[in-house]
Amino acid sequence: MSKVRIGFIGCGGRAGSHMRALGQREDTEIVGACDVVEAAARRAGERLGVPHYTDHRTLLGRDDLDAVVISVPVFAHGQVELDVIARGLPFLLEKPVARDLETARRVAGALRQAGLWAAIGYQLRYTPAVRQAKAFMVGRRVAVVEGHYWCTTARGGAWQNDWEKSGGQLVEQATHTIDLMRHLVGEVEEVYSQQASRILSAITSPDAYTVSLRFTDGALGSLTSSWTHDTGDWSHANIVNVSLDGCLLRLDGAGARVLPAGKAELPEVAGAEDMYKAFVRSVRAGGPEGILSGYDDALATLAVSLAANESAATHRPVRVAEAVGR
Ligand SMILES: NC(=O)c1ccc[n+]([C@@H]2O[C@H](COP(=O)([O-])OP(=O)(O)OC[C@H]3O[C@@H](n4cnc5c(N)ncnc54)[C@H](O)[C@@H]3O)[C@@H](O)[C@H]2O)c1
């Protein structure tokens, strides 16, 4: 295969990052851009010097595609993925995989049936810090894991603020922190969540979330998230602290470290890796090679967010295991 030829479905903010990252690679070529908003599709097409489309099925009608990037809002998942699968293409899909489990299960089933694969945009899994943390955690017993995602998104958001469209911050955004907790500690058995609208009363999504988690091996977890503070300060997003036997593993914007310093060494991880490299390598190989978040795994992360939402609505603990068929 010469260059991997990629089509884009969704040309919004996040797609711009994917276009820049893939556009810089010598082994990829973006060949078409689609967005249901014509102005967004045209802007992307003109910037990239490629044809633009307003219907993903027209883009998929091209015979020169090797793969697709799908970067649409949470509420827009389902038919797009099913059409890409029917066209026989692997895809890079932005998280979360859907707004509801039924849609996600339908796509997961279609992928399985078609023998296809997808890479999901939990890009933090590929960072050196998370790879080191993951290697460090092997065989270690966790007492408790604490995570938080505090930021300012809901002050500038659009569909993100709309509960029906996004599922709120746990589905749309703190899904990254939930995914890191699952990645490092293991599967979640049960959650209990409380949610409140404390500051941003004009939006339909809560702006304060707490989640208590019990993992399958008995470890406990706690997550808080809020998207109200107005500082533009992202240093409180995706923080994870894991309390282990005699030390603490901390993940934040500065990387991964073991505390107290000198108590234990983080393992070295070999080679520069990132999500795009793994995706392009896998397209070339005709199957996943080093994909650190596949569709079923990301579905399990979604199940935790949705169970937390259900718990907050019913004021009861909700089991996650059944939702993902464990
Ligand atoms: N991994 C990350 O760190 C990260 C960061 C930001 C956003 N995201 C995720 O990326 C996704 C997109 O977010 P965004 O910030 O780019 O939103 P956005 O609103 O800026 O862009 C989404 C675009 O998709 C288009 N769209 C909607 N339905 C479509 C369809 N059926 N076909 C084609 N285009 C369609 C919209 O018109 C819009 O232009 C979300 O799931 C979000 O959670 C991930």
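The values are calculated or read from the model by the stated rules, or taken from the named source; none is laboratory data. Everything numeric here is computed off the predicted structure, so don't read it as measured data. Cβ sites come from the backbone with ideal geometry, for glycine too, and all protein chains shown count toward neighbours. Ligands, DNA and RNA are stripped out before the accessible areas are found, and what is left, the full protein with its side chains, is counted by its heavy atoms. Shrake-Rupley method; radii C 1.70, N 1.55, O 1.52, S 1.80 Å.
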Task: Under the Karplus curve 6.51 cos²θ - 1.76 cosθ + 1.60, θ = phi - 60°, whole-Hz ³J(HN,Hα) for segment 234-246, x wherever Gly or Pro sits - done: 9, 6, 10, 9, 6, 9, 9, 10, 10, 8, 10, 6, x
- [ ] Report the relative contact order of segment 185-326, percent, no decimals, based on alpha-carbon pairs under 8 angstrom and at least 6 residues apart.
- [x] 25
Open item on the list: With every protein chain left in place and a probe of 1.4 Å, what is the accessible surface of E310, to the nearest 10 Å²?
Closed with: 100
- [ ] Sequence neighbours fewer than 8 away in the same chain don't count; with that in mind, list the lysines whose C-alpha is under 23 Å from K263.
- [x] K134
Task: Cα→Cβ-extended label distance, 7 Å offset, between A285 and D217, nm - done: 2.6
Open item on the list: I need the phi-derived Karplus couplings for segment 287-300: 6.51 cos²θ - 1.76 cosθ + 1.60, θ = phi - 60°, integer Hz, Gly and Pro marked x.
Closed with: x, x, 10, x, 6, 8, 9, x, 5, 5, 5, 5, 4, 5
Open item on the list: Relative contact order of the chain, please, whole-number percent, based on alpha carbon pairs below 8 angstrom and at least 6 residues apart.
Closed with: 19
TODO: For the chain, give the percent of accessible area contributed by carbon and sulfur heavy atoms, probe 1.4 Å, rounded to a whole number.
DONE: 51
- [ ] Work out how much length Q79 to E164 would gain on full extension: take 0.36 nm times their residue separation and subtract the Cα-Cα distance, in nm to one decimal.
- [x] 28.8 nm
Task: Amide H contacts under 5 Å for W117, placed H, 5+ residues apart - done: F91
Task: Antiparallel DSSP beta bridges within the chain, as percent of all bridges there, nearest 5 - done: 55
TODO: May I ask you to list the residues of segment 70-107 whose amide nitrogen lies under 16 Å from a point 7 Å from Cα along the Cα→beta-carbon direction of V37?
DONE: 71-76
Task: With DNA, RNA and ligands ignored, accessible area of R281 (1.4 Å probe; Å², nearest 10) - done: 80
- [ ] Give me the number: length gained by fully extending A114 to R62, i.e. 0.36 nm times residue separation minus the C-alpha to C-alpha distance, one decimal in nm.
- [x] 16.7 nm
Task: Protein-only accessible surface order, largest first, of W163, W117 at 1.4 Å - done: W163, W117
- [ ] Give the shape of segment 195-256 as rounded, prolate or oblate, defined through the alpha-carbon gyration tensor: a ≥ b ≥ c are the square roots of its eigenvalues, a/c under 1.5 means rounded, and otherwise the shape is prolate if a/b is larger than b/c and oblate if not.
- [x] oblate
Task: Spin-label pair R155/V50, simplified geometry with 7 Å Cα→Cβ offset, distance in nm - done: 3.6
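Let me check something: with ligands and nucleic acids excluded, how do H18, H52 order by accessible area (1.4 Å probe), largest to smallest?
Details: H18 0, H52 65 Å².
Result, largest first: H52, H18.
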- [ ] Enter the per residue convex hull volume of segment 65-135, computed from alpha-carbon coordinates, in Å³ rounded to the nearest integer.
- [x] 109
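Counting heavy atoms of the protein chains only and a 1.4 Å probe, report the per residue accessible area for segment 1-125 as a whole number of Å².
Counting only protein heavy atoms, the per-residue value for segment 1-125 is 43 Å².
Using the Kirkwood radius built from alpha carbon pairs, what does the Stokes-Einstein equation give as D for segment 68-219 at 10 °C and 1.306 mPa s, in µm² per second?
93
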Open item on the list: Given points 7 Å out from each Cα along the Cα-Cβ axis, report the E102 to T314 separation in nanometres with one decimal.
Closed with: 1.6
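Calculate, in whole percent, how much of the Cα-Cα pair population of segment 223-300 lies beyond 14 Å.
Details: 2277 of 3003 pairs.
That fraction is 76 percent.
Stick to the Cα atoms of segment 92-132, pair each with every other, and give me the Kirkwood hydrodynamic radius in Å at one decimal.
Working: mean 1/r = 0.0861 Å⁻¹.
Evaluated over segment 92-132, this radius sits at 11.6 Å.
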Open item on the list: Quick check on segment 1-132: take the gyration tensor over C-alpha atoms, sort the square-rooted eigenvalues as a ≥ b ≥ c, and tell me if it's rounded (a/c under 1.5), prolate or oblate.
Closed with: rounded
Task: Percentage relative contact order, segment 85-167, counting C-alpha pairs under 8 Å, at least six apart - done: 30
Task: Part-to-part distance (alpha-carbon centres) for segment 156-226 and segment 1-29, which is given in Å - done: 30
Task: Cα-only radius of gyration and Dmax that characterise the chain, units Å - done: 19.7, 58
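For the ranges 192-203, 35-46, what's the packing order if you count other beta-carbon atoms within 10 Å of each residue, average per peptide, and put the highest first? Working shown, then result.
Working: 192-203: 15.0, 35-46: 16.8.
Highest to lowest by the protection proxy: 35-46, 192-203.
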Task: Nearest-20 debye value, the chain charge dipole, Cβ charges on Lys, Arg, Asp, Glu - done: 280
- [ ] Using Cα positions and a limit of under 17 Å, work out the lysines in reach of K95, with same-chain residues fewer than 8 apart set aside.
- [x] K165
- [ ] Taking H placed 1.01 Å from N in the peptide plane, check which residues at least 5 places from S226 or on another chain put their amide H under 5 Å from its amide H.
- [x] Y149, W150, C151
